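The values are calculated or read from the model by the stated rules, or taken from the named source; none is laboratory data. These numbers come from a predicted model, not from an experiment. Don't worry about glycine lacking a Cβ; one is built from the backbone with ideal geometry, like all the others, and counts go over all protein chains shown.
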Amino acid sequence: MAAPACSSLKSLALSKAILGLWLVSTIAELQRYEHPSNVDGSLSFLIIGDWGRRGTYNQTEVALQMGRIGEKLSINFVISTGIEDTSFEESFTKIYNAKSLQKQWYSVLGNHDYRGDVEEQLSPILRKIDSRWLCLRSFIVDAEIAEIFFVDTTPFVDKYFATQKDHVYDWKGASPREEYIANLLKDVDSALRESTARWKIVVGHHAIRSVGHHGDTKELVKQLLPILEANNIDLYMNGHDHCLEHISSSVSPIQFLTSGGGSKAWRGDVKGMKQMDGVKFYYDDQGFISVQVTQTNAKIAFYDVFGNVIHKWSVSK
Ligand SMILES: *[C@@H]1O[C@H](CO)[C@@H](O)[C@H](O)[C@H]1NC(C)=O
């Protein structure tokens, strides 16, 4: 199977890891992929989350606009902050069919992926159906000007480990939990510390800061956030809350972006929104986000179902 963005050596390592060496790879360093930026050094990509449901709930409309904006920005790849679905062909291949979206998709696992057979989402079977798909637990995409760190956030969340009536979680590959989390934090910390990229971006399924339905993920605020602050990352991007959000920080340059509006949005779900410092934007309908970076600046835009820009932000450094 061709792996468009990765060297064949790396994809060999990847399929080996998937074939049962996960224990090794959770102890060893994070898997690393190289994705070249444009000739002029710039890079652009789209972020979409919590998509699925075979095109319903405006998934098709959002996909259409992603295709249009993807073309306009000549995107290099797409980032997925988590899926809401297991019908991969019906909800991925057939929906994101625009020409500009025929790029590599990098994805993290969401909490839904941990219900049922988690290895199915990671497995090379999905890559055989659609070679754009790359989903690992935690990994790094080195896109020259930007380095993107994908972090498996589900095992951090205490409530998934409490006895739950309706959901059974599959923790194989992420156990023992304390060790898994400690190793992951250590790996993320050292990878961030060593990074010389102009822009450092971290992606997880769960929000660190959110005024949406789920709110802050307190375990991540406590354990992951201090590492991200200490290493001066620029952006943290997540899904999980089915909305779009932009929250800034008063103690660090980090911008928190939620892109969870890929299909079923939670319109009107949050009544009497929590007061939180730094909330720049909150939108509880469907949509997606674009990021464009150059050596000197980063531009972020939020889009609705019709492809209108509903919020913009930029920074120079
Ligand atoms: C689709 O998007 C439009 C515009 O935001 C919204 O009015 C409509 O309710 C959405 N449909 C669904 C099923 O979410």
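Assorted remarks:
- Given (1) in contact with a helix residue (DSSP H, G or I) (Cβ under 7 Å, 6 or more places away or on another chain); (2) farther than 22 Å from His206 by Cα, index of the condition Ile69 fails: (1)
- Residue match in segment 42-63 (condition: at positive phi, in contact with a His (Cβ under 8 Å, 6 or more places away or on another chain) and within 16 Å of the ligand (Cβ to nearest atom)): yes
- Restricting attention to segment 200-218, the residues being touching a residue at least 60 places away in the same chain (Cβ under 8 Å), out of contact with any Asp or Glu (no Cβ under 6 Å at 6 or more places or on another chain) and not in a strand (DSSP E or B) number 4.
- Filtered by the rule that a residue be away from the ligand (no atom under 16 Å from the Cβ) and in contact (Cβ under 8 Å) with a residue 40 or more places away in the chain, segment 302-314 gives a lone residue, Trp313.
- Within segment 163-179, considering residues that are in contact with a helix residue (DSSP H, G or I) (Cβ under 6 Å, 6 or more places away or on another chain) and not charged (D, E, K, R), the one modelled with the highest pLDDT: Ala174
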